[in-house]
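What follows is a short report on a single structure.
The values are calculated or read from the model by the stated rules, or taken from the named source; none is laboratory data. Because the structure is a prediction, the values reported are computed rather than measured. Heads up, the Cβs are rebuilt from the backbone with ideal geometry, glycines too, and the neighbour counts pull from every protein chain shown.
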Amino acid sequence: MLGSGAREHALLLALSRDPGVTGLVCAPGNAGTAALAEQHDVVLTDGPAVVALAARVRADLVVVGPEVPLVAGVADAVRAAGTPCFGPSAAAAQIEGSKAFAKQVMADAGVATAAASVFTSADQAAAHLATAPAPYVVKADGLAAGKGVHVGSDLAVATAFARDVLAEPGSTAVVEAYLDGPEVSLFALSDGSTVVPLLPAQDFKRVLDDDQGPNTGGMGAYAPLPWLPAGTVEQVQRDVLQPVVDEMARRGTPFQGLLYAGLAMTSKGPQVIEFNCRFGDPETQVVLALLDTPLAGLLLACSTGRLADVGPLAWRDGAAVTVVVASEGYPAAPVTGDDVEVGALPDGVAVLHAGTRLDGDRVVSAGGRVLSVTAVAPDLAAARSLAYEGVTAVRLRGGHWRSDVARAAVTGEVRLP
């Protein structure tokens, strides 16, 4: 397992429950993953170093967690060395690595998405925004760890964001039409031809309650979505996921791994906001908490072109909620090095580590998003209550979290346009 976040901790936890798994190795990991896996230091974007580590530990499967090593071609290097790898090639990972590329793929595949214009000139982007209706959506073309997007109704702020994006020579910005409606994260496994969607989830990107404040990597998530119309997953598989996987194969860059569709449930139906080329964080924490099918076999089937042989997926009854505990100053200037302590947890709650490390016998903060407190219960209201009960067991100086994760879904306030 390559990575060091709560996503990787959640993946390792699910893999540890798979009777077919005889050993787990994580590189570089964190203070929480150390309890599940043998840990090694490695530079995630160094393909030869990853290949050497996989050979040394005799790995049967390499799973690449984050997007940066995928865009850098680490999965290509692992596969070229003869080891099955879960994660797309560098060419296929461009579906996340370049928003302009993703828009072209969607256009060629006939997938519904927001109208967009691509700019390399700040003045041209500013002129376009001046004639566009609010709200304004501006995106950095490349990877930005979930923070390279501005959505708002202030023209001056949107223009300043576009100018900041385009200040770097050779940079590109995408200006899109705003998509109304609540957002859905839908993960799908793909072996390059077959597509198997997972359980839909919803995340919370803004740092403060009621979707206020700057974008973050995600402050919480829940699944399933009680307000999502029946048949939506099947519709998205038919109209979005399968056409995109087919188009990638047609281009000679088959997508093997996890295709993550960020969707808006608009008045015209589901439309794609963006694609990611890997499991999302924090949605992975809730989706995998509800997955009953052994995970290792699924990931191996994706990596070896045998996903069509996998039967229907099995899911646990109930619901899952995760609440992210972030460090003081996150997302602008996270404070690190503070003690992280977790007291007694109620049944049904797990604490997944993200920005942590071991300092002797101490667990200390080492990043902006420090922990994901994840609860599973018979229904969404109970899971939400349990997750926040778990949050009270966390001790982190200056730690903060959103208090409204899944609240609108529990109270029936999520509205489709």
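Please count how many residues of segment 380-417 are under 24 Å from the mean Cα position of the chain (by Cα) and over 20 Å from PRO282 (Cβ atoms).
Looking only at that region, the number is 2.
Restricting to segment 393-417, what's the tally of residues that are in contact (Cβ under 8 Å) with a residue 40 or more places away in the chain and at negative phi?
Total satisfying the criteria: 17.
Show the residue pairs that are 6+ apart or on different chains and have beta-carbon atoms under 6 Å apart, the first residue being within segment 207-236 and within 15 Å of ARG407 (Cβ to Cβ), the second being part of a loop (DSSP other than H, G, I, E, B) and among the aromatic types (Phe, Trp, Tyr).
MET219/PHE204; GLY220/PHE204
List, please: which pairs have Cβ atoms under 8 Å, are six or more places apart or on different chains, and start with a residue in segment 120-131 that is in the same structural domain as ASP154 (by TED's automatic domain parsing) and closer than 16 Å to GLU168 by Cβ and end with one that is of a type outside the set (S, T, N, Q) and assigned to a helix (DSSP H, G or I)?
These pairs meet every condition: THR120/LEU166; SER121/LEU166; ALA122/ALA162; ALA122/ARG163; ALA122/LEU166; ALA125/ALA162; ALA125/ARG163; ALA125/LEU166.
Taking the stated definitions as given, is GLY220 touching a strand residue (DSSP E or B) at 6+ places or on another chain (Cβ under 9 Å) and closer than 23 Å to LEU371 by Cβ?
yes
In the list GLY311, GLY329, GLY297, which residue meets the criterion of being outside the structural domain of GLY20 (by TED's automatic domain parsing) and within 30 Å of TYR178 (Cα to Cα)?
GLY329
Restricted to segment 29-56, and to residues that are part of a helix (DSSP H, G or I) and without any contact (Cβ under 8 Å) to a residue 12 or more places away in the chain, which residue is nearest to GLY82 (Cα to Cα)?
Ranking the qualifying residues of segment 29-56, first place goes to ALA52.
Of all residues being surrounded by 24 or more Cβ atoms within 10 Å (Cβ to Cβ) and of a type in the set (Ser, Thr, Tyr) in segment 320-338, which is nearest to ASP359 (Cα to Cα)? Just the residue, please.
In this case the residue turns out to be SER327.
Name the pairs whose Cβ atoms lie under 9 Å apart, with the first residue in segment 348-360 and closer than 11 Å to SER4 by Cα, the second of a type in the set (Asp, Glu) and assigned to a loop (DSSP other than H, G, I, E, B), and 6 or more positions between them or separate chains?
ALA354/ASP281
Is it true that THR266 is in contact (Cβ under 8 Å) with a residue 12 or more places away in the chain, surrounded by fewer than 23 Cβ atoms within 10 Å (Cβ to Cβ) and not small (Gly, Ala, Ser)?
It is true that THR266 is in contact (Cβ under 8 Å) with a residue 12 or more places away in the chain, surrounded by fewer than 23 Cβ atoms within 10 Å (Cβ to Cβ) and not small (Gly, Ala, Ser).
Kindly indicate whether ALA130 is within 30 Å of ALA160 (Cα to Cα), part of a helix (DSSP H, G or I) and touching a Leu at 6+ places or on another chain (Cβ under 6 Å).
For ALA130, the condition - within 30 Å of ALA160 (Cα to Cα), part of a helix (DSSP H, G or I) and touching a Leu at 6+ places or on another chain (Cβ under 6 Å) - is not met.
All but one of (1) out of contact with any helix residue (DSSP H, G or I) (no Cβ under 7 Å at 6 or more places or on another chain); (2) closer than 26 Å to ALA383 by Cα hold for ALA261; which doesn't?
Every condition holds for ALA261 apart from (1).
Find the residue count for segment 1-37, including only residues that are hydroxyl-bearing (Ser, Thr, Tyr), closer than 17 Å to VAL363 by Cβ and more than 16 Å from the chain's Cα centre (by Cα).
Number satisfying all stated conditions: 1.
Suppose we keep only residues that are among the charged types (D, E, K, R) and surrounded by 21 or more Cβ atoms within 10 Å (Cβ to Cβ) within segment 93-132. Which one would you say is modelled with the highest pLDDT?
Result: GLU96.
On the basis of being out of contact with any helix residue (DSSP H, G or I) (no Cβ under 8 Å at 6 or more places or on another chain) and over 27 Å from GLY87 (Cα atoms), does PRO346 make the cut? Give the derivation first.
Working: out of contact with any helix residue (DSSP H, G or I) (no Cβ under 8 Å at 6 or more places or on another chain): no; over 27 Å from GLY87 (Cα atoms): yes.
No.
Would segment 297-304 turn up any residue that is surrounded by fewer than 24 Cβ atoms within 10 Å (Cβ to Cβ), among the small types (Gly, Ala, Ser) and in a strand (DSSP E or B)?
No, that holds for no residue.
Please go through segment 1-37 and give me each residue that is β-branched (Val, Ile, Thr) and under 13 Å from VAL63 (Cβ atoms), ordered by number.
Residues satisfying the conditions are VAL21, VAL25, THR33.
In segment 368-390, what count of residues is obtained for those that are assigned to a loop (DSSP other than H, G, I, E, B) and crowded, with 20+ Cβ neighbours inside 10 Å?
Number of matching residues: 1.
Only one of (1) out of contact with any strand residue (DSSP E or B) (no Cβ under 9 Å at 6 or more places or on another chain); (2) without any contact (Cβ under 8 Å) to a residue 60 or more places away in the chain is not met by PRO19, so which one is it?
(2)
Please work out which residue is nearest to ALA112 (Cα to Cα), limiting yourself to segment 137-147 and to residues that are in a loop (DSSP other than H, G, I, E, B) and in contact (Cβ under 8 Å) with a residue 24 or more places away in the chain. Please lay out each step first, then the result.
We begin by selecting, within segment 137-147, every residue in a loop (DSSP other than H, G, I, E, B); these are 141-147.
Right, trim to in contact (Cβ under 8 Å) with a residue 24 or more places away in the chain and you get 141-143, 145-147.
Numbers: ASP141: 19, GLY142: 21, LEU143: 22, ALA145: 24, GLY146: 22, LYS147: 23 Å.
Out of the qualifying residues, it is ASP141.
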